[in-house]
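Only the coordinates and a few stated rules stand behind these numbers; no lab work does. Computed from a prediction, not measured in an experiment: that's the story for all the values here. Here the Cβ is made from the backbone with ideal geometry for all residues, glycine too, and neighbour counts use every protein chain on show.
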Protein chains: 2
Amino acid sequence: MEKKESAKERILRVANELFYQEGVRAVGIDRIILESEVAKASFYRSFPTKDDLVVAYLELHRMRSLAHVEEARERHPESALDQLRFLMRRIAERMSRPSYRGCAFMNTIVEFPEIGHPCHRKALESRNHVWAVVESMAQEAGLPDPRELAEQLRMLWSGAAMVAYINKSEFKPETFSSAALSLIDGQLNAG
Amino acid sequence: MEKKESAKERILRVANELFYQEGVRAVGIDRIILESEVAKASFYRSFPTKDDLVVAYLELHRMRSLAHVEEARERHPESALDQLRFLMRRIAERMSRPSYRGCAFMNTIVEFPEIGHPCHRKALESRNHVWAVVESMAQEAGLPDPRELAEQLRMLWSGAAMVAYINKSEFKPETFSSAALSLIDGQLNAG
DNA sequence: TTGACATGAGACAGATCTGTCTGTATCTTT
DNA sequence: AAAGATACAGACAGATCTGTCTCATGTCAA
């Protein structure tokens with residue numbers, strides 16, 4: 001039997017859609033309350049402040065990002081290099097989806113530039129955490145300079161996220177994945 | 001003789017520093033008026049709305065970006081390939097400066113996600129204009145697929161700007177420039 | 001049935017920001 | 001010197017957003 005979605009889950013689902021599609025600052029509490037069909041008091045019982053809701057939203061994206069990394073590990077348990085390649089293709093595919101609106105972490109950091117702000121801090125921690133896991137994957141691949149490659153891939157990946165968001169119509173997933181493979185091969189051939 | 005800085009110039013200079021360092025939305029009009037030591041009425045005479053000031057700020061960055069491209073052309077008038085390489089090194093150098101806070105265009109687009117908003121529109125147009133000039137440079141370099149390379153470089157360049165902003169302490173200019181050269185060489189060797 | 005408690009609808013307070021307006025001082029030009 | 005334009009300081013209005021509070025309604029268990 002399908003158990004009913006709780007108020008808190010409904011709020012977070014609605015907030016996730018609105019925050020991601022329209023931006024965190026652009027979406028007010030009233031809008032979320034209206035669309036999740038919940039009372040204001042009920043909302044504030046689940047999330048004492050808007051920041052708390054934003055943190056939950058970012059945590060959701062952190063879990064999803066880690067799930068992709070985990071999927072890559074399961075698909076290619078024998079080769080970290082294949083895991084990396086799979087991850088890049090998986091990312092490229094996600095970025096080319098119509099609903100893709102960039103990286104929630106980067107967008108939130110830019111929307112809340114103040115160092116130490118709860119939203120800024122959570123977004124930065126999430127970004128760093130996810131990337132640390134990817135970097136450890138590069139470490140296992142037995143490359144000449146895994147940190148250097150990981151850093152190059154982070155730049156490329158971050159930029160692809162921005163291009164796929166800002167210049168959506170021009171984004172081609174193969175352009176990203178072939179660039180990623182080119183960087184990987186570049187270091188393989190150099191080493 | 002040094003002619004005195006006009007009120008409008010002073011406002012724009014102060015606004016540029018504050019908008020770039022702390023974000024456009026985070027900086028209020030009152031703050032700019034205070035720090036540029038001008039009256040509110042004088043401010044609104046020079047810039048009828050805050051959006052007008054933001055547009056002027058973005059125009060400033062557009063001119064600066066184009067100046068870098070122009071410099072590359074002057075330094076290596078004979079080889080578009082060398083122009084590209086020079087530009088990448090020049091960009092890397094700028095990104096490693098302590099005052100670097102990312103790409104004004106991307107940051108503004110993320111801060112104003114609403115399509116058609118004057119600030120969003122101007123930032124997008126500026127970004128696209130600057131990049132069209134860089135892409136034409138790639139076209140002249142006689143590469144097998146200049147559009148593909150330009151697109152890859154745009155991703156890398158955009159991501160490097162974000163990393164240099166968000167993960168400032170970890171950013172190394174050589175990591176970016178070597179990745180850019182790797183992408184260029186990757187296509188040169190493939191062709 | 002009834003009482004305890006959660007929920008819905010929405011008014012309200014407080015903060016913050018943009019942009020207008022008023023009154024005074026200063027500067028330029030004739 | 002006089003007059004008109006310009007600049008300054010700051011009050012004020014209007015909009016917007018977050019978060020609190022009130023009160024009516026519904027739900028579930030004893």
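Calculated translational diffusion coefficient of the stretch A:54-183 (4 °C, 1.567 mPa s; Stokes-Einstein with Kirkwood radius over alpha-carbon pairs) equals 86 µm²/s. Shielding value for A:141-151 is 2, the average number of Cβ atoms from other chains within 10 Å of each residue's Cβ. The tail of the calculated P(r) for the stretch B:1-124 beyond 21 Å holds 49 percent of all Cα-Cα pairs. Could you tell me which of A:F19, A:Q152, B:A141 has its Cα farthest along the dipole of the protein assembly as shown towards the positive end, charges placed at Cβ (Lys, Arg +1; Asp, Glu -1), taken about the Cα centre? Sorting the options by dipole projection puts first A:F19. Fewest neighbouring Cβ atoms within 10 Å first, the residues B:L149, A:L81 line up as A:L81, B:L149.
Counting only alpha carbon atoms, the long axis of helix B:7-22 and the longest principal axis of chain B meet at about 60°. Let me make sure I get this right: for the stretch B:1-48, a, b and c are the square roots of the gyration tensor eigenvalues over alpha carbons, sorted descending. Under 1.5 in a/c it's rounded, otherwise prolate if a/b > b/c, else oblate. Which is it? Oblate shape, in that a/c is at least 1.5 and b/c is the bigger or equal ratio. Cβ-Cβ distance of B:D30 and B:I115, R₀ of 25 Å, FRET efficiency by 1/(1 + (r/R0)^6): the value works out to about 0.30. Centre-to-centre, using Cα atoms only, the stretch A:14-39 and the stretch B:2-40 are separated by 33 Å. Considering the rotation that superimposes chain A on chain B, the residue of A whose beta-carbon lies nearest the axis, and that distance in Å, is A:G159, 1.
Inter-copy label distances at B:I29, shortest first and taken from points set 7 Å along Cα to Cβ: 2.7 nm. Rounded to whole numbers, the Karplus 3J(HN,Hα) couplings from phi for the stretch A:32-38 are 5, 4, 4, 6, 8, 6, 9 Hz, using 6.51 cos²θ - 1.76 cosθ + 1.60 with θ = phi - 60°, and x at Gly and Pro. Compared with the dominant principal axis of the Cα atoms in chain B, helix B:80-95 is inclined by about 50°. Placing a label point 7 Å from Cα along the Cα-to-Cβ axis, B:N128 is separated from the same position in the other copies by 3.7 nm, shortest listed first.
Distances between every pair of Cα atoms in the protein assembly as shown, grouped in 10 Å steps from 0 to the bin holding the largest one, split as 5, 21, 30, 25, 13, 5, 1, 0, 0 percent.
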